[in-house]
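The block underneath contains the structure these notes are about, expressed in structure tokens.
The values are calculated or read from the model by the stated rules, or taken from the named source; none is laboratory data. Owing to the predicted nature of the structure, the values given are computational and were not obtained by experimental measurement. A quick note on method: Cβ atoms are made from the backbone with ideal geometry, for glycine too, and the neighbour counts reach across all protein chains shown.
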């Protein structure tokens, strides 16, 4: 059998180009071909941008308050984050991939790994089919990269994005070897997925400038000088899969609920309210992922730009037993309150849950269980919320119906086209 | 060894059997519908073929009255369907999503309104036309 023609296992990385902007464009064709940016929570800074916006010199992370003065002049369109829309389109994206492959691992909101077998020619046909299908069914443009390992899939995806002649699709094994080698020697070492700026500096210090230099380095030396993780990346580049293909749930080892406020929170009473809302969101997410937490961390932060900068109280609570109970979490987050200073302008707060485990993993002693836990308050609250909308009920301060001043500012948000009956896209009959 | 295993299996089956008693035991006449209980009709299941590629849109205007589509109606649009002659489609025209009937006649492509007071639109070719999706159902508000 000629080399390379046998069917073996490959991994594809499929990601949506400028996902947030692309999702907006599906339902608003006036945004096509125009410079569009999407802003972070509270319309703070640029978190996504179209290539037309890039061409105007806009960059990721630029604060909106600086850009807004010249936006009209530049013809720049800004959108607040529409997470209802992006979340739905992300689910559909993974759903369409599921129609094309047996194993899909969602990696982030806009990218997923897929397991495949086939010859390079078959893989190329498959990759083109997937690209066309996601475009037709969802209106989202994607790039597909295929390789023998996750790291190579990521690298191929990068090539698919950068090299126009590939048409958004790159199967590493189908690229002529001379081209591959040239590509690898042209790419700086920090282009390897998992190698950050600091590590890249250390590698360059040892003469590894390009991805090719790194791939050709001695793996044992890499392990001894750096770490086993770095050695694995080198082996992955050589086509030996070392990173497990796993179907992960949203929650791995930890869960974080954290937001910036539209208006600073200055009183303990207000902060108690914020934290109890977060605690209940965390409880819902834990339960959705079938997890319970043993450790809870709560923090608040002032803005880096304010005169109070540097005030970052934090507290970690070891819970009596692993729990996802909203009543317990709501009570425990209040441990932060004594550490706050009244009058300080807190810009952000969050809670983190760690040491996650599956419910019932450790035997809980009745001694530690709260009486209300037996009464299943969480499923009751959730069933009410799913029937009567999110803000219909909540525990304590989180039960207040009126939107709070600190809630997210999303002044330029597009309609929630796919999740709200009264915000459906309009089609004209004229 | 073998006998132990058989015994434990028996025990497991017995407890399972006990736990599987259907519902609560009420004193009184049992509901004759008890054995016929099934889920209520799920509209999604009947109206939508492909959940991933199906979207809902709302109509503004009366140019499609002849096709039974009125102002304010909701349309079920499946993007995975291929548009053919006579399909009702959502197309992108001048940056707007527009609903029209697609006609492919003698090599000509026409977006036809279903109301005599609106003109039909002639398109150069099918490739010139940006079809957003194919309308498969109309939820008409009475």
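Computed quantities for the displayed model
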| read-out | value |
| --- | --- |
| Subset of segment B:58-70 that is over 20 Å from the mean Cα position of the chain (by Cα) and on the phi < 0 side of the Ramachandran plot - its residue that is farthest from the other protein chains (Cβ to nearest Cβ) | B:66 |
| Test: residue A:38 is surrounded by 15 or more Cβ atoms within 10 Å (Cβ to Cβ), part of a helix (DSSP H, G or I) and either touching a residue at least 40 places away in the same chain (Cβ under 8 Å) or more than 14 Å from chain B (Cβ to nearest Cβ) (or both) | no |
| Residues that are assigned to a helix (DSSP H, G or I), out of contact with any helix residue (DSSP H, G or I) (no Cβ under 6 Å at 6 or more places or on another chain) and free of Cβ contacts under 8 Å to residues at least 24 places away in the same chain, drawn from segment A:129-184 | A:132, A:135, A:136, A:162, A:164, A:165, A:177, A:178, A:179, A:180, A:182 |
| Residue under evaluation residue A:135, criteria (1) surrounded by 18 or more Cβ atoms within 10 Å (Cβ to Cβ); (2) at pLDDT 95 or above, criterion not met | (1) |
| Residue within segment B:119-141 that is without any contact (Cβ under 8 Å) to a residue 12 or more places away in the chain and within 11 Å of another protein chain (Cβ to nearest Cβ) present | yes |
| Which listed residue, of A:26, A:58, is over 18 Å from the mean Cα position of the chain (by Cα) and within 14 Å of chain B (Cβ to nearest Cβ) | A:26 |
| Residue check for residue B:96: farther than 18 Å from residue A:138 by Cα, at the interface with chain A (Cβ under 7 Å from one of its Cβ atoms) and in contact with a helix residue (DSSP H, G or I) (Cβ under 9 Å, 6 or more places away or on another chain) | no |
| Hey, residue A:316 in contact (Cβ under 8 Å) with a residue 40 or more places away in the chain, surrounded by fewer than 18 Cβ atoms within 10 Å (Cβ to Cβ), within 26 Å of the chain's Cα centre (by Cα) and in a strand (DSSP E or B) or not | no |
| Among residues of segment A:348-388, those that are at pLDDT 70 or above and over 28 Å from the mean Cα position of the chain (by Cα), counted | 3 |
| Filter result (part of a loop (DSSP other than H, G, I, E, B), under 19 Å from residue B:118 (Cα atoms), in contact (Cβ under 8 Å) with a residue 40 or more places away in the chain and within 11 Å of chain A (Cβ to nearest Cβ)) within segment B:71-93 | B:72, B:73 |
| Count of residues meeting criterion [under 12 Å from residue B:64 (Cβ atoms) and in a loop (DSSP other than H, G, I, E, B)] in segment B:94-115 | 3 |
| Filter result for residue A:64 (away from every other protein chain (no Cβ under 14 Å), touching a helix residue (DSSP H, G or I) at 6+ places or on another chain (Cβ under 9 Å) and either under 27 Å from residue A:147 (Cβ atoms) or buried (at least 20 other Cβ atoms within 10 Å of the Cβ) (or both)) | no |
| Search result, residues across segment A:25-36 that are farther than 16 Å from residue A:75 by Cβ and touching a strand residue (DSSP E or B) at 6+ places or on another chain (Cβ under 6 Å) | A:29 |
| From the options A:80, A:90, residue that is touching a strand residue (DSSP E or B) at 6+ places or on another chain (Cβ under 7 Å) and buried (at least 17 other Cβ atoms within 10 Å of the Cβ) | A:80 |
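Every residue, every condition in (1) within 14 Å of chain B (Cβ to nearest Cβ); (2) under 30 Å from residue A:30 (Cβ atoms), yes or no:
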{"residue": "A:69", "(1), (2)": "no, yes"}
{"residue": "A:78", "(1), (2)": "no, yes"}
{"residue": "A:89", "(1), (2)": "yes, yes"}
{"residue": "A:111", "(1), (2)": "no, yes"}
{"residue": "A:140", "(1), (2)": "yes, yes"}
{"residue": "A:155", "(1), (2)": "no, no"}
{"residue": "A:159", "(1), (2)": "no, no"}
{"residue": "A:168", "(1), (2)": "no, yes"}
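The rows are residues; the columns are (1) closer than 27 Å to residue A:131 by Cα; (2) assigned to a strand (DSSP E or B).
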position	(1), (2)
A:11	yes, yes
A:54	yes, no
A:57	no, no
A:66	no, no
A:69	no, no
A:92	yes, no
A:95	yes, no
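Listed here are the residues, each with its yes/no results for (1) away from chain A (no Cβ under 11 Å); (2) over 22 Å from the mean Cα position of the chain (by Cα); (3) under 15 Å from residue A:428 (Cα atoms).
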{"site": "B:45", "(1), (2), (3)": "yes, no, no"}
{"site": "B:48", "(1), (2), (3)": "yes, no, no"}
{"site": "B:56", "(1), (2), (3)": "no, no, yes"}
{"site": "B:100", "(1), (2), (3)": "no, no, yes"}
{"site": "B:103", "(1), (2), (3)": "yes, yes, no"}
{"site": "B:106", "(1), (2), (3)": "yes, yes, no"}
{"site": "B:111", "(1), (2), (3)": "yes, yes, yes"}
{"site": "B:115", "(1), (2), (3)": "no, yes, yes"}
